[in-house]
Each structure stands twice: as C-alpha cells, then as structure tokens.
1. From the residues in segment 71-95 that are within 19 Å of Y51 (Cβ to Cβ) and among the basic types (K, R), which one is least open to solvent (accessible area, probe 1.4 Å)?
2. Could you run through segment 30-59 and say how many residues are farther than 20 Å from M82 by Cα, surrounded by 16 or more Cβ atoms within 10 Å (Cβ to Cβ) and in contact (Cβ under 8 Å) with a residue 60 or more places away in the chain?
3. Do we have any residue at all in segment 40-48 that's touching a Lys or Arg at 6+ places or on another chain (Cβ under 9 Å) and not in a strand (DSSP E or B)?
Amino acid sequence: QVQLVESGGGLVQPGGSLRLSCAASGIVFGVYNMGWYRQAPGKERELVAVYSSGTSTNYADSVKDRFTISRDNTKNTVYLQMNSLKPEDTAVYYCNAKLRPKDYWGQGTQVTVSS
C-alpha cells in the first residue's frame, strides 16, 4: 500500500531552521507531483510548496525566499528546508503525492515555532 512518512518536525525558536523529510513507498515516485501542506489550529489546510514530476516548483507567498522544496527520486523522498522560521509557521505539516485522480497524504508532523 501507499505510505508517506514525514519526519523532522519539532520545536524551534523564531529565526531557526528545520528540515522536513517525507519518504514515499508504494508509488512510482518520479511521476508524482510532491507537495507540502500545513494546517494551523482553527485554520484550513494550505499549500506550502509543490515540486512537480519535472523540475518546476511553486511556493506560497508567505514562505517564498524562506522555504525550499527539493526531491531525490533515487530515495523516493521529498524535503522541505525551512529557514527564518516565524511563530506563524506553527502548524502540522503534511506531505502530499498527487497524480490525478490519485491523491495521497502522510500523517503529518508538528512544527512549533516559539521562544
């Protein structure tokens, strides 16, 4: 079966960095668009960044120039490097694999930015 397993979340001070990883299994990783979404308490889930099956990337305006999405197709893994973290980045971060109509989600990893 398909599994997306996130790791790398945690507690970090404002201005700090974290690197999230998402290891995928059960899919042909290279043909899927891979993305990171987040959901803060009381808010809807929102797109953070997406890396297409090609080479294109797209970011939410709120994270541009601070976050970087990358993927390693040899390891079936997508990453999210998060720098200059702000308290408003606090959320559960979810990995997503999409190849319409297929749409898979990880279980999420908590990121808390607080002093």
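1. R71
2. 1
3. Yes, there is a match, as at least one residue in segment 40-48 is touching a Lys or Arg at 6+ places or on another chain (Cβ under 9 Å) and not in a strand (DSSP E or B).
Residue-by-condition table, conditions (1) under 30 Å from S115 (Cβ atoms); (2) not basic (K, R):
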position	(1), (2)
I27	no, yes
Y37	yes, yes
A40	yes, yes
R45	yes, no
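Conditions (1) more than 17 Å from G16 (Cβ to Cβ); (2) touching a helix residue (DSSP H, G or I) at 6+ places or on another chain (Cβ under 7 Å); (3) aliphatic (A, V, I, L, M); (4) in a strand (DSSP E or B), marked per residue:
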| position | (1), (2), (3), (4) |
| --- | --- |
| S53 | yes, yes, no, no |
| N58 | yes, no, no, yes |
| D61 | yes, no, no, no |
| I69 | yes, no, yes, yes |
| L85 | no, no, yes, no |
| Y104 | yes, no, no, yes |
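The values are calculated or read from the model by the stated rules, or taken from the named source; none is laboratory data. Quick caveat, the model's predicted, so the values are computed rather than measured. As a convention, Cβ positions derive from the backbone with ideal geometry for all residues, glycine included, and neighbour counts pool all protein chains shown. Side chains are part of the model used for accessible areas, which takes the heavy atoms of the whole protein and leaves out ligands, DNA and RNA. Shrake-Rupley method; radii C 1.70, N 1.55, O 1.52, S 1.80 Å.
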